[in-house]
Amino acid sequence: MSYIEPVKSNDNIRNLLKFIKLGKPQFAIGLFFYFSMGALLAVLFGTEFVLNKFILGCLIIFLSTWAVHYHNDYFDYKADHHVTPTPISGGSGVLIEHPEWRNLAKIMAISLISLAILVSIVFTIIFSYPITFILFVIIANLIALFYAAPPIKLSYRGLGEFGNSSIGLLFPGLGFFAFMGTLNLQFLIFAIPIMLLQFLFTMSVEIPDMEGDIAGGKKTWIAIKGRRFGFKLVVISGLLATISFLIMPYTNLFPQIINFNILSAITLIPLGLGIFELIINPREKALATKYCIYNLAGIFTSIILINCYFISIIYF
């Protein structure tokens, strides 16, 4: 028995790590910067930075994002048999290896969404916020859920791109809402280039899975139009994000301390990568996947740099 118990214990630990891997918590951590960007924008508009608001808001983001991959892998179970997971796409592959965990994944997703909503209720009570804050969290989770879940199944109807791109509004929006107590016109305008960057993100995670999505019945834009079309959209969305930031000062809606030329320059990182990819035209999956990983790195670098720029304005 002394030799059997350690083996069982090691198996339990490995299985636990696999189940955590299914939820891809690293993406939840990465999307923290979307939330913080919205929160910092609210501070630039004159609201006070409240640490408790920030912590509870981050918890809502973490729980909501962590839930996404559990319910996506659950509802994409059949389609995921046709794809090979990559570092940025194709599901985790965990349920393909352990189909007996499917119901557990669904329970985990429901539990995490419920916890996110519960935290939003606590947030609303503590800070005397309107009930619309709770509704905002519920809507954000429903959009994420119905990316793959029936009856809407956005990704199987050629509409998944809209759901994914809305993250560029919803996650910074939660940060802004958490500090301002509302969403205003200024934020909605600011969110336009962020949604365009998130659309670039969406194209980049769809490109590697083109063959598998076709075989699995998904109607992503890449599955319908091909990789070349996706790389064209990467450039277009990156260019529009850059132009959007350049135009914003002319609206006279934002504090003059924000230099939108700097924000525009930051978006040249993903735009430059997109232009390079369009020129070399990577059609084979392995090479296309490599450049899509660069795209995601470029997007997150841009979002982090925007956070750093906002912090520099506020505190220095």
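The values are calculated or read from the model by the stated rules, or taken from the named source; none is laboratory data. What you see is a predicted model; the values in this text were computed from it and never measured. Note that each Cβ is placed from the backbone with ideal geometry, even for glycine, and that neighbours are counted across all protein chains shown. These area figures cover heavy atoms from the full protein model, side chains too; ligands, DNA and RNA do not enter into them. Shrake-Rupley method; radii C 1.70, N 1.55, O 1.52, S 1.80 Å.
For segment 35-53, the criterion of a residue being open to solvent by 80 Å² or more (accessible area, probe 1.4 Å), closer than 30 Å to residue 306 by Cβ and part of a helix (DSSP H, G or I) is satisfied by at least one position. Anything in segment 66-112 that is of a type in the set (A, V, I, L, M) and assigned to a loop (DSSP other than H, G, I, E, B)? List them, or say none. Residues satisfying the conditions are 83, 88.
Yes/no per residue for (1) open to solvent by 30 Å² or more (accessible area, probe 1.4 Å); (2) more than 23 Å from residue 290 (Cα to Cα):
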{"residue": "159", "(1), (2)": "yes, yes"}
{"residue": "165", "(1), (2)": "no, no"}
{"residue": "168", "(1), (2)": "no, yes"}
{"residue": "206", "(1), (2)": "no, no"}
{"residue": "209", "(1), (2)": "no, no"}
{"residue": "218", "(1), (2)": "no, no"}
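Residue 196 meets all of the listed conditions (1) under 20 Å from the mean Cα position of the chain (by Cα); (2) in contact (Cβ under 8 Å) with a residue 24 or more places away in the chain; (3) under 17 Å from residue 36 (Cα atoms) but one, namely (3). Restricting attention to segment 62-104 and to residues that are more than 22 Å from residue 212 (Cα to Cα) and aliphatic (A, V, I, L, M), the residue that is least open to solvent (accessible area, probe 1.4 Å) turns out to be 67.
So that you can scan it fast, the table gives a plain yes or no per residue for (1) touching a residue at least 12 places away in the same chain (Cβ under 8 Å); (2) closer than 30 Å to residue 41 by Cα; (3) in contact with a strand residue (DSSP E or B) (Cβ under 8 Å, 6 or more places away or on another chain):
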position	(1), (2), (3)
237	yes, yes, no
248	yes, yes, no
273	yes, yes, no
279	no, no, no
283	yes, no, no
297	no, yes, no
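The residue list 188, 200, 233 contains one member that is at pLDDT 95 or above and either in a loop (DSSP other than H, G, I, E, B) or open to solvent by 40 Å² or more (accessible area, probe 1.4 Å) (or both), which is 188. On inspection, residue 275 passes the criterion of being more than 19 Å from the chain's Cα centre (by Cα) and either buried (at least 20 other Cβ atoms within 10 Å of the Cβ) or of a type outside the set (Gly, Ala, Ser) (or both).
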